[in-house]
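Novice: Dumping the structure here so I can ask a few things about it.
The values are calculated or read from the model by the stated rules, or taken from the named source; none is laboratory data. Source: prediction; values computed, not measured. As a convention, Cβ positions derive from the backbone with ideal geometry for all residues, glycine included, and neighbour counts pool all protein chains shown.
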Amino acid sequence: MKIAISTSGTTLDAPIDPRFGRAVRFLVYDLEQNNFTLVDNEQNLNATQGAGIQAAKTVVDCGAQAIISGHCGPKAFQVLSAAGIAIYHSDGSTVAEALEQYNNGQLQAATDANVEGHWV
Amino acid sequence: MKIAIASGKGGTGKTTLSVALAQAADKNVQLIDCDVEEPNGHIFIDAQLDKHEDVTIPIPVLDKTLCNNCGKCGEICQFNAIVTIGDKTMIFDDMCHSCGGCILVCPQQALTEQQKTIGYLDSGSNTINCGQVHQLSFIKGSIKIGEAMSPPVIRAAKKKADQNQLTIIDCPPGTSCPMMTAVCDCDFVLLVTEPTPFGLHDLKLAVETMRCMDLPFAVIVNRDGCGDERVSEYCSAEKIPLVLKIKDDRRVATAYSRGEGLLSALPELAPKLRSLLDDISTWTKPATEGKQ
Ligand code: SF4
Ligand code: SF4
């Protein structure tokens, strides 16, 4: 299974990007192969609206079945839930820490968006 | 002739001034409340708003049985309002700008247009006597609670007005899309401000917007005396006509709290506003004639 973590860096030591829709990129970790790929989310940084929706599409298209991020707005939440993607919020500071929390079963799947949207 | 009353900042007295201008006019006038998020002009004119209609916009609706989730609709949408994820296509109609692109591009004819109510227009008229008896028609635009798209409601309110009558448009505050939609294609804009640092800051933004949109405008200072002279200095340095100063007066606040307008507090203002309207019609005449 693959899991996508929002990050501003390019390595496992990189910090988690607390934003989901406007995260710089996603590190998509393959839990079976123990390797990862990076997926750019740059085109969304400047989207006027719907960044969360497009980011959700990006992670689904790259085959992830779960995401770990800091915050997830209501629309992204709706899209991810519809696609059957589990959403986890981590307070860990790095990607590696978040993965460790996930593997130890310390993360709970979110059942609701935890930030308000901010499209106009 | 269409005159827009705008300001870069809320709470400068835009609405009370719009109402006062409409009341002071010496001919039949229409007042359009385009501050659709918070329309309140009707409170001051005691109008019977007996006509009610919905403002609708077209949005796509999906027939799931026809959709094959090809994702073409989402690729063309510039507003991320429609998206295909795996085997699901979803529409976020509060983000839709009604461009119709997705409907055109869908190879399966799975999308059709449907009207969605996003706001309302209420209108009516009454007879005004502030020195000159005339008919005041009032059109109030308001956005439906929970909707985000105000420009279509503003356009609908403006469109309802009789193009041959004097029209006063009370604009939404700020300098973003709603305000620009309200001032767009007006013959003249009056920017209302206060003589304070905040007033000046927001006035500068509004002036920039006017210049960008190439609209003729002038400034009115409200609550004159409550601040400093910097707005006046700015206007003369920028060669912007400062056409009226309304003094800061307790009577205005008292009247306001009773739901009464500027003119019941300061009746002496009526002739000044009347001559301002005359001046504006002289200033805009060549432009208006040129357009027709
Ligand atoms: S373009 Fe038409 S068929 Fe393709 S995903 Fe969109 S609605 Fe479905
Ligand atoms: S009508 Fe235009 S804005 Fe609305 S969903 Fe379709 S493509 Fe997007």
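Yes/no per residue for (1) under 22 Å from residue A:58 (Cα atoms); (2) more than 8 Å from ligand 2 (Cβ to nearest atom); (3) of a type in the set (Ser, Thr, Tyr):
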position	(1), (2), (3)
B:55	no, yes, no
B:61	no, yes, no
B:65	no, yes, yes
B:73	yes, no, no
B:76	yes, no, no
B:86	yes, yes, no
B:90	yes, yes, no
B:98	no, no, yes
B:111	no, no, no
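Novice: Here's something else I'd like to know. Could you list, in sequence order, the residues of segment A:49-90 that are touching a residue at least 40 places away in the same chain (Cβ under 8 Å), part of a loop (DSSP other than H, G, I, E, B) and at negative phi?
Specialist: Within segment A:49-90, A:49, A:62, A:64, A:65, A:70, A:71, A:72, A:73, A:90 qualify.
Novice: Please verify whether segment A:104-114 includes one or more residues that are in contact (Cβ under 8 Å) with a residue 12 or more places away in the chain and out of contact with any Phe, Trp or Tyr (no Cβ under 9 Å at 6 or more places or on another chain).
Specialist: Keep residues of segment A:104-114 that are in contact (Cβ under 8 Å) with a residue 12 or more places away in the chain, which gives A:107-110, A:112-114.
Filter again for out of contact with any Phe, Trp or Tyr (no Cβ under 9 Å at 6 or more places or on another chain), leaving none.
The answer is no; no qualifying residue exists.
Novice: For residue A:96, state whether it is surrounded by fewer than 18 Cβ atoms within 10 Å (Cβ to Cβ), away from every other protein chain (no Cβ under 14 Å) and more than 21 Å from residue B:90 (Cα to Cα).
Specialist: yes
Novice: Further, regarding this structure: I'm told residue B:243 meets every condition in (1) outside any loop (DSSP other than H, G, I, E, B); (2) at pLDDT below 90 except one. Can you identify the failing condition by its number?
Specialist: Single failed check for residue B:243: (2).
Per-residue answers, yes or no, for (1) surrounded by 20 or more Cβ atoms within 10 Å (Cβ to Cβ); (2) β-branched (Val, Ile, Thr):
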residue	(1), (2)
A:5	yes, yes
A:26	yes, no
A:48	no, yes
A:55	yes, no
A:64	yes, no
A:73	yes, no
A:86	no, no
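Novice: Tell me, yes or no, whether segment B:117-140 has at least one residue that is farther than 30 Å from residue B:26 by Cβ, in contact with a Phe, Trp or Tyr (Cβ under 9 Å, 6 or more places away or on another chain) and either in contact (Cβ under 8 Å) with a residue 60 or more places away in the chain or more than 12 Å from ligand 2 (Cβ to nearest atom) (or both).
Specialist: No, every residue in segment B:117-140 fails to be farther than 30 Å from residue B:26 by Cβ, in contact with a Phe, Trp or Tyr (Cβ under 9 Å, 6 or more places away or on another chain) and either in contact (Cβ under 8 Å) with a residue 60 or more places away in the chain or more than 12 Å from ligand 2 (Cβ to nearest atom) (or both).
Novice: Only one of B:136, B:191 is within 20 Å of residue B:43 (Cβ to Cβ) and either assigned to a loop (DSSP other than H, G, I, E, B) or assigned by TED's automatic domain parsing to the domain that holds residue B:10 (or both); which? Even if it seems obvious, please write down each step before you answer.
Specialist: Working: B:191 fails: within 20 Å of residue B:43 (Cβ to Cβ).
Answer to the selection: B:136.
Novice: Okay, next question. Where in segment B:11-116 are the strands (runs of 3 or more DSSP E), entirely inside, with at least 1 residues that are within 12 Å of chain A (Cβ to nearest Cβ), surrounded by fewer than 20 Cβ atoms within 10 Å (Cβ to Cβ) and within 16 Å of ligand 1 (Cβ to nearest atom)?
Specialist: Counting at least 1 such residues, we get B:88-91.
Novice: Residue under question is residue B:116, and the condition is that it be charged (D, E, K, R), farther than 22 Å from residue B:172 by Cα and out of contact with any Lys or Arg (no Cβ under 7 Å at 6 or more places or on another chain); does it hold?
Specialist: Yes; evaluated as a whole, the condition is true for this residue.
Novice: So if I check each of B:186, B:226, which one is farther than 25 Å from residue B:45 by Cβ and assigned to a loop (DSSP other than H, G, I, E, B)?
Specialist: Values: B:186 fails: farther than 25 Å from residue B:45 by Cβ.
Among B:186, B:226, only B:226 is farther than 25 Å from residue B:45 by Cβ and assigned to a loop (DSSP other than H, G, I, E, B).
Novice: If you check B:76, B:5, which single one turns out to be closer than 30 Å to residue B:253 by Cβ and in contact (Cβ under 8 Å) with a residue 12 or more places away in the chain?
Specialist: Within the list B:76, B:5, the selection yields B:5.
Novice: Would you check if there is a residue in segment A:52-71 being away from chain B (no Cβ under 12 Å) and among the acidic types (Asp, Glu)?
Specialist: no
Novice: Can we say residue B:121 is near ligand 1 (Cβ under 10 Å from one of its atoms), more than 16 Å from residue A:79 (Cβ to Cβ) and surrounded by 15 or more Cβ atoms within 10 Å (Cβ to Cβ)?
Specialist: Criteria not met by residue B:121.
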